[in-house]
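Peer 1: Next up is a structure, given as structure tokens.
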Amino acid sequence: MRLARATDFSMERLFQDVRTYMPERISIDVFFCRNHSNGLWPRIEDILSARRCQAEVNHVTGDVHYLTFLLDSKRTVLTIHDLAQLSRLRGLRRWLYWLFWFWLPVRRAAAVTVVSEETKRQLLSYVRCDPRKVHVVHNHISPEFRPIPHSFDTKKPRILQIGTSWNKNVERVAEAVTGMPCKLVVIGPLSVAQVQLFERLKIDYENHIELSHYEVIAQYGRCDVVTFVSLAEGFGLPILEANAIGRPVVTSNLSSMPEVAGQAACLVDPYNVLDIRNGICRVIDDEFYREELIANGFENVNRFRRETTAKSYAKIYENLHSQRGAGLEAPAA
């Protein structure tokens, strides 16, 4: 596993749950990188350390894909969470990123897991490999996200915006709520440009950074609407988190988000400010529609239980182990 950062630990929570629900016949040892994924030599150090910690099956759980380089390719599983960065890079930087984060790691793994059908489609469009080698294992919702009763504030609703990075689309969300009587609550560090935009648009907002897991849950509980109109996602866990808490969600009609949301969110065009605004207004103004989204959300989370996720990973581990035990070749890259 990667070395977690203070503001980015969803992957760590995910696989902690997976380990908890792994069948007893499978024993898990965890290797954490000593370094963050920055610079050449720290990464080489972690590649060498990972090689010394190999087991009967190795699982690189995401982000630090380069750990696969010196692992036994016939007993290694790689999880890829998204490929969003590839769409932004250009020229040599894009080629190097594609080579060292995707093409080589996929070649060096006997099995690859992705978190959505959309991520699988994208991966196969970028990297030529046997599609049977790529398995969809959805992320799951933590049981700590559970219904929190709340009276919807129609006069000045709290709109919870999850994330501030380039793909989270916070600028268009700010434009969409301009002039609306609402409080925009943003989780994640705002850039100087984003703060200036909020002030220019006279947005009434709060900004929270470095929240603990339980503080994030509390913010979900206090809000009336969750916005997650991202431009690109490998999965879209905040959709399920809002579903589980019992809050209506406005999310994007592209990438993996429709797959995750099902009938449990208002889908909008994330590139169209007016469409985002109309979606938010519909959730606020139409009580029947809002309650329908919330009810659908409680049903939707049942598709993404941690027991199911752990069972899927266990099956992949056991299949790979049995192939090696029978002296069979792993699927060709």
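Nothing in this text is a laboratory measurement; each read-out follows from the coordinates by a stated rule. The structure displayed is predicted, hence computed values, not measured ones. No Cβ is skipped: glycine too gets one built from the backbone with ideal geometry, and neighbour counts run over all protein chains shown.
Peer 1: About its Cα centre, what dipole magnitude does the range 158-303 give when the only charges are +1 on Lys and Arg Cβ and -1 on Asp and Glu Cβ, stated in debye to the nearest 20?
Peer 2: 200 debye
Peer 1: Determine the percent antiparallel among the DSSP beta bridges restricted to the chain, to the nearest 5.
Peer 2: Bridges in the chain that DSSP calls antiparallel: roughly 5 percent.
Peer 1: Set Lys and Arg Cβ to +1 and Asp and Glu Cβ to -1, take the dipole of the chain about its Cα centre, and tell me which of Y271, H138, S151 lies farthest positive.
Peer 2: With unit charges placed on the Cβ atoms, the residue in question is H138.
Peer 1: Please work out the FRET efficiency for the pair W95 and L197, using the Cβ-Cβ distance as r and a Förster radius of 41 Å; give the result to the nearest 0.05.
Peer 2: The calculated FRET efficiency here is 0.80.
Peer 1: Under the Kirkwood approximation for Rh and a Cα-based Rg, what ratio Rg/Rh is obtained for the range 1-47?
Peer 2: Rounded to two decimals, Rg over Rh is 1.06.
Peer 1: A further question on this structure: If r is the Cβ-Cβ distance from W166 to E287 and R0 is 41 Å, what FRET efficiency results, to the nearest 0.05?
Peer 2: Working from the Cβ atoms, E equals 0.75.
Peer 1: Report the normalised scattering of the chain as log10 I(q)/I(0) at q = 0.10, 0.12, 0.15 Å⁻¹, calculated by the Debye formula with identical scatterers on the alpha carbons.
Peer 2: Summing over Cα pairs of the chain leads to -0.62, -0.87, -1.26.
Peer 1: Give me the Kirkwood hydrodynamic radius of the range 144-249 in Å, from all C-alpha pairs, to one decimal place?
Peer 2: Details: mean 1/r = 0.0714 Å⁻¹.
When all Cα pairs of the range 144-249 are included, the Kirkwood radius is 14.0 Å.
Peer 1: Sticking with this structure for a sec: Please report, largest first and rounded to whole Å, the three semi-axes of the ellipsoid equivalent to the range 217-333, where each semi-axis is the square root of five times an eigenvalue of the C-alpha gyration tensor.
Peer 2: After scaling each eigenvalue by five and taking roots: 37, 17, 10 Å.
Peer 1: I've got another one for you. Would you mind counting up the charge near I239? Only other residues with Cβ under 11 Å from its Cβ, with Lys and Arg at +1 and Asp and Glu at -1.
Peer 2: -2
Peer 1: Oh, and also: Under a 10 Å cutoff between Cα atoms, tell me which one of T20, T119, T308 has the largest fluctuation in the Gaussian network model of the chain.
Peer 2: Judging by the Gaussian network model, the answer is T20.
Peer 1: How about the range 116-216: which GluC sites (Glu not before Pro) there lie in a loop by DSSP and see at most 16 other Cβ atoms within 10 Å?
Peer 2: The qualifying sites are E144, E210.
Peer 1: Sort out the exposed loop trypsin sites (Lys or Arg not before Pro) in the chain (DSSP loop, at most 13 other Cβ within 10 Å) and tell me the longest stretch that has none.
Peer 2: 203-333
Peer 1: Which of G236, I284, Q323 sits closest to the plus end of the dipole of the chain, meaning its Cα is farthest towards the positive end, when Lys and Arg get +1 and Asp and Glu get -1 on the C-beta?
Peer 2: The residue sitting most towards the positive pole is Q323.
Peer 1: Here's something else I'd like to know. 222 nm [θ] for the chain, helices only, -39500 (n - 2.57) per DSSP H run of 4+, per residue, to 500?
Peer 2: The helix contribution divided over the chain gives -12000 deg cm²/dmol.
Peer 1: R19 to S73: FRET efficiency via 1/(1 + (r/R0)^6), r the Cβ-Cβ distance, R0 22 Å, to the nearest 0.05?
Peer 2: With a Förster radius of 22 Å, E is 0.40.
Peer 1: Ranked highest first by the average count of other Cβ atoms within 10 Å around their residues, in what order do 255-264, 235-244 fall?
Peer 2: 235-244, 255-264
Peer 1: Using the structure shown, select from K74/K168; K120/K202; K155/K202; K120/K311; K168/K202; K120/K183 the pairs with a Cα to Cα distance greater than 29 angstrom.
Peer 2: K74/K168; K120/K202; K120/K183
Peer 1: Also, quick follow-up: Report the local net charge at Q54: Lys and Arg +1, Asp and Glu -1, summed over other residues whose C-beta lies under 13 Å from its C-beta.
Peer 2: +3
Peer 1: Along its principal axes, what span do the Cα atoms of the range 59-216 show, with the longest given first and each in whole Å?
Peer 2: 58, 40, 26
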